[in-house]
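The values are calculated or read from the model by the stated rules, or taken from the named source; none is laboratory data. All values reported here derive from a predicted model rather than from experimental measurement. So basically every Cβ, Gly included, is an ideal-geometry build from the backbone, and we count neighbours across all protein chains shown.
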Amino acid sequence: MAGKGTNTNGGAAQEVAAALAARPGSTAAVLAEAAGIGQSTATKALAALEASGQATRVPGGRGDNGRRQPDHWNPLQLTAPNPELQPAATSTGGDGARLRRGELVSWKLGAL
C-alpha cells in the first residue's frame, strides 16, 4: 500500500533530490507535491540533502506584511573547481557593487 508517508527517509530523500533536480528554485511545498510525499517529510529530506552538501537553501526572508516567506531550494552539483569560474577575492566588484543574498549561488549554478 504505497502512498504519502510510506517512504523511508532514504527513499524520500532520493525522491526529493529527483524533484529538486527537475525544479530548481522550488519551495519545500512544491517539491513535496512533486515527490508525492508530505511537506514535513520533504523538509526533513531537504535538510538532510543540505547537510550532505547536495542542496542549498535560499532563505525566503520577510514579505511586505512582515510574514516569513518560504525558503527556496537548489541542487548543488559537485564538480572539480574551475579557476575561471571562481569569484574575485573580494566581496565587491570593481565598481563597489555588493552581491545580493543568493546571487552567488545562482551565479555558480548557472555556470555549471
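Residue 54 meets all of the listed conditions (1) surrounded by 14 or more Cβ atoms within 10 Å (Cβ to Cβ); (2) modelled with pLDDT of 60 or more; (3) in contact with a Ser or Thr (Cβ under 7 Å, 6 or more places away or on another chain) but one, namely (3).
Here is the figure for the stretch 36-51: residues that are surrounded by 11 or more Cβ atoms within 10 Å (Cβ to Cβ) and more than 10 Å from the chain's Cα centre (by Cα) total 11. Among the numbered conditions (1) in contact with a strand residue (DSSP E or B) (Cβ under 8 Å, 6 or more places away or on another chain); (2) modelled with pLDDT of 95 or more, the only one that residue 45 does not meet is (1).
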